[in-house]
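What follows is a short report on a single structure.
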């Protein structure tokens, strides 16, 4: 009885934390989508106020007392309740380990660094950003000492985004993946097949793209009664509970692919959040479990579904109806064009095959940097060397090289691997899905995307954050994280497109 | 020294209250403008959470200690600091007087009542709304007993929206105004001038209306870098600080007037809030002082400026360029059409002359109801009788009668008089403005609306809430509230349009 009552008290407390997060989320969304220019400063102050309120709630003595209380009753709790307590404890301890004043200074350093990064990127001058990045890396190294680590300093940072993942494990799977992709890429480069994609670069009005994007999102199962799509500089997904899950995209009038595939990608994230069951509200577990699992959903929809031939077998005729540019293009040529392989400098524009190499480069650099094997000043050189080695391309300036992503400027070290992990998890899920539903490709060809949605909901979405990523992938597929299925998938797909021996 | 330090502490505290208000405001705006349907329930919960946090801040012991401390140092404070303390104290005491549980029950009753009102309005059936409204009136009567009153119970409610205004004063000015308008209206009805306005009811696309509205707002001095305009069911203005002041409107494709004049109206509110000086931030005074003064600004722009001949002398050619419907219409005919007098049933559609009668009817009804002279069940009958008497029209059902406004459903008794007060204040300001700037009509004719904006800023906006409405109108005009100037203004304007003896 006492435990039941205490559980209800705790849920009410966590509910308030969730509500505060929602408030911050709505305000953040508004900042990115609609806020008038002159409001920037006042808005930053508001965000600062709300996050300090959130900090207070997460680190209060009340939380400590909840944790201490439940320590003695863990055996009486359900799986969800245990996960709820563990999650609360983890957050409390993580936050408490770092001295409050140091964390505050870090936040200030980040906000200054973001502005410096923007300026540096605009001018293509790494030197503008360097002193700021050095500070941030110093902070990260300092925080790692507070947090403590067993094998590798970088494990601490990985853990922030993908609970339990380690350098040891990533070295194995990413090593295997890198070698396989480089090998396949070399074969593709030698292929006599040349793919034409100029018809994707004709003019497509924003309005037409928007309409088509909405059509595809509805077909995928994105619920517009519980979400909306808007335009922002960089595409993102954000949710305030499971009934208001919004996505954004960015339209380019001379590029058919960019907005469409980013919408499908964000739609994958959004469907995950829309599917979170109501029962998890107030447990702190009512959201996707990790960035890696989240990327598995978005990249599954974007690539495995959205860049498949079956998908376009059903939707290309619709595209042809709407876009006269495609009237004389065959399905086969369209399919090839959206899958053209072109080693390039910019991660966000990369094709499905080379994308993971962009991530692995960042992973290797972050790992070396955090462990003091290289320093910030070495970054441009190391970056360019790795791009040369893995992708065979070399940036002509830092804007299209080491300065291209904003992640480091706000201190998000350890985040990048999530994207490649998403690819691996996704292919593992596909393999299991094919066992459960052998005719899944037929279903796609018939436009029955609901079958996929249901499978993902039953196997992934409905669990929210109850199981940690490593547990979850084991529950779903019976196997641990592996690069095997993704490598098989890539080999098969690109051998077919580029007529390679396989 | 001690006082200075304490003042800073208090300002930091009030700043947090302001930030919480901003957060609530942004979330409310989003609810009205963009929120997906299914989010309603979760969003209401979020709003509830934030308002209870706001309640806690406003009634904390900390606030009590601040008030007690400054009680002894009032003579050392500046005008602004004194106003800050008085405002804080007033809010604290007002809120504290009502038992917390009763207030909570009132809020719940209101939210239920709003839904009942909507249903009742849709079906034109007052009986659906009656039991809810009876509860709300009972609550109001109960709260008045907690608050206490000197002359008239209704004074308590007036005070919530227009500090210091009383039934005694309103009976005088509204009585005078009512008699003058009824007299003028009868003359207008007898005029041989018949005004044609069918060209305002042709088709005007939403996009064209939107563009033209934005053009006019910019000319008025509304700063789009510190605001934005969107569409919502009912037009409103909302601000989050002075750098993000948003307005909404509603477009009707077969009505040129509705969206345009509501945009100008809301623009008047918005310019007031955009002009609030930064120095007032963190004092609790960084906003318009009362609903009456706020309406004086919005109605000044909407009617005194926006429905003047000078204004259209400069902007009608622009309208003609954009709208072929006006190609063969003369300025004179356009001016008459936007000022046509038609006694009607719906307040929000009323012309400038009859508008105040709609308000006076509501004032007389609220006053009688709160004092127990009539009861809720009498409302439809009394409503219809008064419309017959003052305006010569009679509702055929309650939807176009007593159910038309939502104010009573959420407990906003005492709010309506603000609209008519705004008309009176506005005409008093116009009179003073003409003394200061005798060539103001020429300026308007030349499109120099900046002159008006500057005068309003210097005389009204820059004070924020430092002076209470009665003080403020005295400071600006040297006179107390009076109906005299508005009556003069109406007589002059409509005698001219309808060729009456004057």
**OP:** Starting from the coordinates of the alpha-carbon atoms of the protein assembly as shown, obtain the Kirkwood hydrodynamic radius over all distinct pairs and give the value in Å to one decimal.
**Re:** 32.4
**OP:** Place the label 7 angstrom along Cα→C-beta at residue A:332 and in each other copy, then list the distances from the first to the rest in nm, shortest first.
**Re:** 7.7
**OP:** Between the label point of residue B:95 and that of the same position in each other copy, find the distances and list them shortest first in nm, with every label point placed 7 Å from Cα along the Cα-to-C-beta direction.
**Re:** 2.4
Original post:
When each copy gets a label point 7 Å from Cα toward the beta-carbon at residue B:134, what are the spacings between them in nm, shortest first?
Top reply: 7.8
Original post:
In the range A:476-501, which residues have a backbone nitrogen under 17 Å from the label point lying 7 Å from residue A:168's Cα in the Cα-to-Cβ direction?
Top reply: A:480-482
Subject >> Fraction of antiparallel bridges per DSSP, the protein assembly as shown only, in percent to nearest 5 >> reply: 50
Original post:
So what's the gap between the Cα centers of the range B:129-199 and the range A:357-408, to the nearest angstrom?
Top reply: 71
Subject >> R0 of 25 Å, Cβ-Cβ distance residue B:122-residue B:32: FRET efficiency to nearest 0.05 >> reply: 0.85
Subject >> Axis-nearest residue in chain B [Cβ, rotation onto A], distance in whole Å >> reply: B:23, 3
Original post:
In degrees between 0 and 90, to the nearest 10, how far off the longest principal axis of chain B does helix B:61-71 point, with axes built from Cα atoms?
Top reply: 80
Original post:
Residues of the range B:260-277 with amide nitrogen under 14 Å from the 7 Å Cα-to-Cβ point of residue B:215?
Top reply: B:260
Original post:
When B:198, A:465 are ordered from fewest to most other Cβ atoms inside 10 Å of their Cβ, what list results?
Top reply: B:198, A:465
Original post:
Where in the range B:1-30 is the amide nitrogen less than 12 Å from a point lying 7 Å along the Cα-to-Cβ axis of residue B:73?
Top reply: B:1-11
Original post:
Length gain on complete extension for the stretch residue A:231 to residue A:5, per 0.36 nm per residue less the alpha carbon to alpha carbon distance?
Top reply: 76.8 nm
Subject >> Residues residue B:278 and residue B:86, FRET efficiency given R0 of 25 Å [Cβ-Cβ distance, rounded to 0.05] >> reply: 0.70
Original post:
Once you put a point 7 Å from the Cα of residue A:333 and another 7 Å from the Cα of residue B:61, both along the Cβ direction, what distance in nm separates them?
Top reply: 7.9
**OP:** Return the tail of the calculated pair distribution for the range A:235-301, meaning the percent of Cα-Cα pairs more than 15 Å apart.
**Re:** 53
Original post:
Most exposed first by the Cβ proxy, i.e. fewest other Cβ within 10 Å, how do A:75, B:255 rank?
Top reply: A:75, B:255
Subject >> Interatomic Cα distance distribution for the range B:1-70, bins of 5 angstrom, percent >> reply: 3, 15, 21, 17, 13, 10, 8, 6, 4, 2, 0
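Going by the alpha-carbon gyration tensor, a ≥ b ≥ c the square roots of its eigenvalues, is the range A:2-150 rounded (a/c under 1.5) or, if a/c is not under 1.5, prolate (a/b greater than b/c) versus oblate?
Because a/c hits 1.5 or more and a/b fails to exceed b/c, the range A:2-150 counts as oblate.
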**OP:** Rounded to the nearest 0.05, what FRET efficiency do residue B:410 and residue B:45 give with R0 = 25 Å and r taken as the Cβ-Cβ distance? Could you check?
**Re:** 0.90
Original post:
With each label point set 7 Å from Cα along the Cα-Cβ vector, what nm distance links residue A:458 and residue B:371?
Top reply: 7.1
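Readers should treat all values here as calculations from the given coordinates under stated rules, not as data from a laboratory. Fair warning: this is a prediction, and the values are worked out from it, not measured in the lab. Backbone-built Cβ (ideal geometry, glycine too); neighbour counts: all protein chains shown.
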